[in-house]
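The values are calculated or read from the model by the stated rules, or taken from the named source; none is laboratory data. If you're wondering where the values come from, they're calculated on a predicted model, not measured in any experiment. Glycine gets a Cβ as well: all are built from the backbone with ideal geometry, and neighbour counts include every protein chain shown. What goes into the accessible areas is simple: the full protein's heavy atoms, side chains included, and nothing from ligands, DNA or RNA. Shrake-Rupley method; radii C 1.70, N 1.55, O 1.52, S 1.80 Å.
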Amino acid sequence: MAAAVGCLGAVARFSRVLLFLSQFYILSGGESTDMPPPYVMKCPSNGPCSRLPADCIECRTNASCVYGKPAAFDCTVKPFVTCVDQDFRSQKNFVINMTCRFCWQLPETEYECSNSTACMTVSCPRQRYTANCTVRDHVHCLGNRTFPKMLYCNWTGGYKWSTALALSITLGGFGADRFYLGQWREGLGKLFSFGGLGIWTLIDVLLIGVGYVGPADGSLYI
């Protein structure tokens, strides 16, 4: 009986050792498989190499390129990316023709920037904010594809200029236009002064009509 218990204990210890060794083997990379990097999701499989997004290729700097002029760049596809040439043959190295310029020098239509709701769009002078801009996938350029840029505040809170003007003309004497724009202090002032005896009402019609008076949150009209 004692011998049987001893054998069972030895088997249990041996099993624990095997389990530890197997876990150590897995954690050390013995059974790891190469997972494709995230950029592969943007890369169409077996498409033309020249049409791959910029995240799928690596290009050498052409030191002889002249700013604003077309230039040729030697490029190589990244690992896990497959593409073909014009004859549908697998290709790794190819040439891309693009304009010689840095990413921050691109036209505004070729990159996307973050928007800010913490600045006043209706102010004099117009306020700017620092936006983080990212180049679109199909656009090729030099330098970092993400860059900061100073932009004018241009966000909107959903206020309509036509609604504000209509309220100013019809119910401006009661401060309805100012209440609509979120300017409740001015609205109360107009309400209890009967639109400044009509003078304030006429002035607000002109100011809202030309867009000088806007929403209290500093946003633009729709």
- prompt: Exactly one of (1) closer than 26 Å to ALA216 by Cα; (2) open to solvent by 50 Å² or more (accessible area, probe 1.4 Å); (3) among the polar types (S, T, N, Q) is unmet by THR146. Its number?
  reply: (1)
task: May I ask you to list the residues in the stretch 40-83 that are more than 16 Å from PHE102 (Cβ to Cβ), in a loop (DSSP other than H, G, I, E, B) and hydrophobic (A, V, I, L, M, F, W, C)?
output: CYS43, LEU52, PHE80, VAL81
- prompt: In the set LEU165, LEU151, LEU191, which member is touching a residue at least 40 places away in the same chain (Cβ under 8 Å) and among the aliphatic types (A, V, I, L, M)?
  reply: LEU165
- prompt: Taking the stated definitions as given, is ILE169 surrounded by 19 or more Cβ atoms within 10 Å (Cβ to Cβ), aliphatic (A, V, I, L, M) and out of contact with any His (no Cβ under 9 Å at 6 or more places or on another chain)?
  reply: no
